[in-house]
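Data first, discussion second: the structure below is written as C-alpha cells.
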Amino acid sequence: MAYAIILLSEEAYPCVFYPDLFGAEYTDIKDGEEINIVMPKVEILPALLKARHQFAYGEQIRYFDHPNCIAWVRKGDEDHSVCVTIISNSEEGSKEIEIGKEYAYAVFKDFLGYRNDEVTADGNGKAVFRVNARSVSVWVRSDA
C-alpha cells in the first residue's frame, strides 16, 4: 500500500527499492552463525509502476476523511485519463467521488485486478469506488 502512495500521489517522490522490484537473497552473519536472508519482491509493484506511467497525471483531489480508508483522484491531462486510487488498512471501504462531468456515464475498472466489479459514473461524473479489506485499488476508465 505504501508504494501506491509513493507512486500515484502528486506530491510524493517516486522511489523504488531494487529488492522490492526484483527480490534479493544473501547470506549474513548473526551471533557468529551464518544465516540466509530472503527478501521477496513486492508482487504488485510492476502494476503500480505501469499505473504511474499511464495514469498518475494532473491535479490531485484528496479524500482523506476516514482513518482507515483514503482515496485520491488524479484528474489527468490532455494525454492521460483520470484515475482514482483508494486504500484501506482495515475492512472493505468505499468513497463517493466526483470525478467531473466530462466523465458522465464513464465505466471504470480496477487496474490492479483486485476488484472484478465495474463502476459507472452518474450524469454528473460521480461514482462510488470500492476497495477490498487491507488492499488498494486503482480505478481507471475501462477503455483506457
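Worth pointing out:
- Selection from the range 108-144 of residues that are closer than 19 Å to Tyr57 by Cα and among the β-branched types (Val, Ile, Thr): Val136, Val138, Val140
Yes or no, residue by residue, for (1) in contact with a Cys (Cβ under 6 Å, 6 or more places away or on another chain); (2) modelled with pLDDT under 95; (3) open to solvent by 60 Å² or more (accessible area, probe 1.4 Å):
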| site | (1), (2), (3) |
| --- | --- |
| Pro46 | no, no, yes |
| Arg52 | no, no, yes |
| Gly58 | no, no, no |
| Tyr63 | no, no, no |
| His66 | no, yes, yes |
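- The set of residues in the range 4-44 being open to solvent by less than 70 Å² (accessible area, probe 1.4 Å) and among the hydroxyl-bearing types (Ser, Thr, Tyr) consists of Ser9 alone.
- Just one residue in the set Asn116, Asn89 is modelled with pLDDT of 95 or more and within 14 Å of the chain's Cα centre (by Cα); that residue is Asn89.
Conditions (1) open to solvent by 90 Å² or more (accessible area, probe 1.4 Å); (2) hydroxyl-bearing (Ser, Thr, Tyr), marked per residue:
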| site | (1), (2) |
| --- | --- |
| Thr85 | no, yes |
| Asn89 | no, no |
| Ser94 | no, yes |
| Ile97 | no, no |
| Tyr105 | yes, yes |
| Phe111 | no, no |
| Arg115 | no, no |
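The values are calculated or read from the model by the stated rules, or taken from the named source; none is laboratory data. Everything numeric here is computed off the predicted structure, so don't read it as measured data. Please note: Cβ atoms are built from the backbone with ideal geometry, for glycine as well, and neighbour counts cover all protein chains shown. Surface accessibility is based on the protein's heavy atoms, side chains included, excluding ligands, DNA and RNA. Shrake-Rupley method; radii C 1.70, N 1.55, O 1.52, S 1.80 Å.
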